[in-house]
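None of the figures in this text is laboratory data; all of them are computed from the coordinates on show. Nothing here was measured: the structure is a model prediction, and the numbers come from that model. Cβ sites come from the backbone with ideal geometry, for glycine too, and all protein chains shown count toward neighbours.
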Amino acid sequence: MEPPLSGVRALEVASHVFVPMAGSVLTEWGAQVVKIEHPVSGDPYRGLVTVGLHNVYRGVDTFFQSANRGKRSVAIDLTTNDGRDLLSKMVKDADVFLTSFRPGARQRLRIDVDDIRKDNPSTIYVLGTAFGARGPDANRGGYDVGAYWARSGMQHLLTPAGATWPETARPSFGDVVGGLTIAGAISAALYRRAVTEETAVIHASLLASGMWQVQPEIVNAGLEDEETPRRAPDRYAVWNPLMLPYRTSDDRFVALSMLAPDRSWPELCTALGREEMATDPRYLDMDARRQNARSCVQDLEALFVQRTLAEWRVVLADIAGEWAPVQTPRELHSDPQVVANGYIAAVDIGNGASLPLVTSPVQFDGKPGNPTRAPEHGEHTEEVLLEMGLTWTEISELKETGAIL
């Protein structure tokens, strides 16, 4: 079967990661995505490799590959009349138009909603922003470190109480989640258009994505009269000792996540080699374990620290209760479950080497994602323009004026 978005055409006039990541997800779902880049500067995200912020593998920027897999790059100067006319011709055949540009840039380049709709009234228009399309900060730019991680409350919530400095976010931490959200919204809009012929304007922001991620805490905070003072969690005063990580003899961790502890407790005790703990009056049921949490946690700590993580993988392999090893990113590359499901794909990067990329986290018809490499700057300019019906003479003239690369 064809991927679900086969035949869908998308135009992307966006930079960095948030919105481009949405475009990369669309490519894995079958869409054709053309990335419009300036002929000279390209996407500024390409330039971060030169200042040491991105890893380079076999001559390619691994971060850029993740956010731009499967796209075609067309280098057009949208500030020129010829360049903007080319975009209008491309929009006529586009199902989706994605941008992350701020209001001033959208107006200068004539790529706001009304501009795009003049060229194609049925195009689904997608706008990704830092803080939302309305309000006092609608015109402000921002990245996921500020909009998703800091302002959403996430950084505050995930910083240990008493820490000297707030916890640092991982690279593109919110961009990848926000991009996936946009891709899902585009799919919903395409369905609505197919059923009702009504198009859509999609607004998505990093701030909204971050708030969605930590919504239980935000909801509860709204029920309080004032901010609740943060306290360091007490590991030994828990309702359920079977919802904690435990250290192994090789300084690794087994994370228990047993939400039905009364059902899981006897089997766990047997696996641990301490069947008698299952009938110990102190630990007989959830209420007893809660009242004796300190001793229960300490007993479990003393047991888990007797074996290595590799040994516990074998011992716990067949129990019904939920648990997981706390893994390093490197270990995921050989995790048999990851391999069996195709969660990491080896992508040919065109120079005799392959790059391992994480595939999109949903699969259609049981097939894992099949990403392809990201494009070079302007790599497909001539190819796409020829498909549009331009002649080589016309393309040469556009090159001479600087409208294209």
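General observations
- The antiparallel fraction among DSSP beta bridges confined to the chain stands at about 40%.
- Cα gyration tensor shape of the chain, rounded if a/c is under 1.5, else prolate or oblate by comparing a/b with b/c: prolate
- Length released on extending from GLU167 to SER354, taking residue separation times 0.36 nm less the Cα-Cα span: 64.0 nm
- Shape annotation for segment 1-92: C-alpha extents along the principal axes are 41, 39, 21 Å, from largest to smallest.
- Residues in segment 303-331 reached by a label modelled at LEU259 [backbone nitrogen below 20 Å; 7 Å Cα→Cβ]: 319-326
- Efficiency of FRET between VAL40 and VAL338 - r from beta-carbon atoms, R0 41 angstrom, step 0.05: 0.50
- Separation of the HIS203 and TRP239 label points, Cα + 7 Å toward Cβ, nm: 3.7
- Choice from VAL326, VAL13, VAL113 with maximal GNM fluctuation in the chain (Cα, 10 Å cutoff): VAL326
- Extension gain from ASP285 to ALA317, taking 0.36 nm per residue of separation minus the Cα-Cα distance: 9.1 nm
- In sequence order, calculated HN-Hα J values of segment 196-207 (Karplus, 6.51, -1.76, 1.60; Hz; x Gly/Pro): 10, 6, 8, 8, 8, 10, 9, 10, 9, 9, 5, 4
- Other-chain or far-sequence residues with amide H under 5 Å of PHE253's (modelled H): THR248, VAL326
- Among residues other than ARG46 with Cβ under 9 Å from its Cβ, the summed charge is -3 (Lys and Arg +1, Asp and Glu -1).
- Cβ-based net charge around ASN68, under 14 Å, with every Lys or Arg adding one and every Asp or Glu removing one: -2
- Shape analysis of segment 245-330 places it in the prolate category; the axes a ≥ b ≥ c from the Cα gyration tensor give an a/c of at least 1.5, with a/b above b/c.
- Of PHE18, PHE63, the sequence from fewest to most neighbouring Cβ atoms within 10 angstrom is PHE63, PHE18.
- 3J(HN,Hα) couplings calculated from phi for segment 32-42 with the Karplus curve 6.51 cos²θ - 1.76 cosθ + 1.60 (θ = phi - 60°) are, in sequence order, 9, 10, 9, 9, 8, 10, 5, x, 9, 8, x Hz; Gly and Pro show x.
- For TYR57, residues with placed amide H under 5 Å, excluding near neighbours: THR62
- For segment 286-303, the Karplus equation 6.51 cos²θ - 1.76 cosθ + 1.60, evaluated at θ = phi - 60°, returns couplings of 4, 5, 5, 5, 5, 5, 10, 4, 4, 5, 5, 5, 5, 5, 5, 4, 5, 7 Hz by residue, with Gly and Pro reported as x.
- Added length on full extension, which subtracts the Cα-Cα distance from 0.36 nm per residue, THR308 to LEU386: 22.0 nm
- Here the Gaussian network model covers the chain, with springs between Cα atoms less than 10 Å apart; of LEU242, LEU26, LEU385, LEU242 fluctuates the most.
- Computed [θ] at 222 nm, deg cm²/dmol, the chain (DSSP H ≥ 4; -39,500 (n - 2.57); rounded to nearest 500): -10000 deg cm²/dmol
- Shape category assigned to segment 203-244 from the gyration tensor of Cα positions, a/c cut at 1.5: oblate
- Springs between Cα atoms under 10 Å define the GNM used for the chain, and in it the highest mean-square fluctuation of ASP285, ASP175, ASP95 occurs at ASP285.
- Rounded to the nearest 20 debye, the dipole magnitude of segment 1-117 is 140 debye, with +1 charges on Lys and Arg beta carbons, -1 on Asp and Glu beta carbons, and the Cα centre as origin.
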